[in-house]
1. Name the aspartates and glutamates eligible as straight-distance cross-link partners of K184: C-alpha to C-alpha under 17 Å, and not fewer than 8 places from it in the same chain.
2. Residue by residue through region 226-237, what is 3J(HN,Hα) from phi via Karplus (6.51 cos²θ - 1.76 cosθ + 1.60, θ = phi - 60°)? Round to whole Hz and write x for glycine and proline.
3. In the neighborhood of V82, defined by Cβ-to-Cβ distances under 14 Å, what is the net charge if each Lys or Arg adds +1 and each Asp or Glu adds -1?
4. Relative contact order for the chain: what percent, with Cα pairs under 8 Å and sequence separation of 6 or more?
5. Calculated from DSSP H runs of 4 or more alone, at -39500 (n - 2.57) each and per residue, what is the 222 nm mean residue ellipticity of the chain, nearest 500?
6. Run the reach check for K41 against aspartates and glutamates, Cα to Cα strictly under 17 Å, same-chain hits fewer than 8 apart removed. What comes back?
7. What is the sum of charges, Lys and Arg at +1 and Asp and Glu at -1, for the other residues whose Cβ falls under 14 Å from the Cβ of G121?
8. Under 17 Å from a point 7 Å along the Cα-to-Cβ line of E160: which residues of region 199-224 have their amide N that close?
Amino acid sequence: MSVQQQVDSLIAQVLRRNPAEPEFHQAVREVLGSIGPVLAKRPELAEAKIIERLCEPERQVIFRVPWEDDRGEVHINRGFRVEFNSALGPYKGGLRFHPSVLLGTVKFLGFEQVFKNALTGLPIGGAKGGSDFDPKGRSDREVMRFCQSFMTELYRHVGEHTDVPAGDIGVGGRELGYLFGQYKRITNRYESGVLTGKGLAYGGARVRTEATGYGCAFFVEEMLCARGESFDSKRVVVSGSGNVSIYTIEKVHQLGGRVVACSDSSGYVVDEKGIDLDLLRQIKEVERGRIGDYVAARPDATLHSEGSVYDVPCDVAMPSATHNEIGRAEATTLVRNGCIAVGEGANMPTTPEGVEVFLQAGIAYGPGKAANSGGVSTSALEMQQNASRDSWSFEYSEQRLREIMTNVHERCRATAEEFGMPGNYVAGANIAGFTRVADAVLELGLI
Ligand code: NDP
């Protein structure tokens, strides 16, 4: 069987065994589509069924999460934790609370996480979890009751040496605080290393909150630099207005770029003077408001509820909201308007058709696996600080993040070049991540 036939047959097998999980299928196709050259060089990987092992999670936990709202009405949500691969270290990956969460969503995120974490060079395995709970519009007390119920089951499966969750969509500082409080209460252990992204008051690490956005900006800066460019005076569009978006905007402004648009699920705003970050943070982090509130306070800005944030002409696009937000049409618009670089803060925000447009156009395209790996990397630094009961300064932590992103960029660049695809960060990230985790799986024997 040729390598291509082997890959096609493996993909067909994943599709058959995991029906009705389109995002998981998409993520598997994306990684397997890149690793043919490695399989051709190293037949022992196929013989040991390494790919079959990487496509099958080590453990999948699904549980009921009952909770009561402020009116006393009972709600039942579904909780998930998919522990995908622990060959490189304890399972590591965020929790997502969003009404769209299904098992297939968590599996796609967990699968991606394995290769992302491997790419960082740090000792962390891959997992993801979450629930179809929607925190939007819920009071703090409702969110607390939900988090306590969620942790009442999850605590059995996590631990500083076992599985270390963090935040993701809908899970920020508030939720992580409630989750950690309940874990501590049930286990009677002050085990800081069980969660990352914690508040500074109870074992959190400096720069973790900022890390995904800052890291993505650093990664894009590296891609621009490799082409003799920089952020200086560039027009930048960022989708979303949550954790990743806010700190992407902050760092892009510090690096000399100007973010002119951002969004949420209700629409997007354009502010030609540059997004006012203090105002955005007040609306999103303090008031938990909608993006429309921005224009009420900033009359020169405009609100758009039709179309896409990618209609706004830009030099650099940084999708930082959710998966599959850039399809062929959005990608084509970006390229037509002169976009030269795309750095993915979100996980899998571009469809395969969109990726094809970027690669064909030859623009600098940094896939999420590489570009947003600063978040999980800084989580690993938080684990390191927790284990040594230490706490690093902001400056030192940011310097470590920057070094990590430079190394991730270099690993992708050099790997793509080695395999004859210079400038292709998709191939570079997939091959480098896959090779590291595959080698570890091979050495651990048949487990
Ligand atoms: P937040 O919950 O803080 O923010 C999410 C933002 O995206 C909000 O503005 C939200 O708008 C928007 N959004 C979410 N879902 C949708 C949707 N279905 N359609 C349109 N807009 C949507 O999440 P994060 O910033 O933490 O995460 C954003 C992305 O970054 C995700 O893809 C996540 O997996 C990825 N990521 C996050 C990391 C982290 O450290 N937090 C690490 C690596 C990747 P609204 O409020 O209207 O829903």
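Please treat every number below as a calculation from the coordinates, not as lab data. All values derive from a computational prediction rather than experimental measurement. Cβ coordinates were reconstructed from backbone atoms using ideal geometry, including for glycine residues, and neighbour counts include every protein chain displayed.
1. Hits, sequence-local ones excluded: E153, E160, D163, E175.
2. 4, 10, x, 10, 8, 6, 3, 6, 7, 8, 10, 10
3. Here the charged neighbours net out to -1.
4. 15 percent
5. Per the formula, -14500 deg cm²/dmol.
6. In chain and number order, the partners are E417, E418, D439.
7. Value of the local net charge: +3.
8. 199-206
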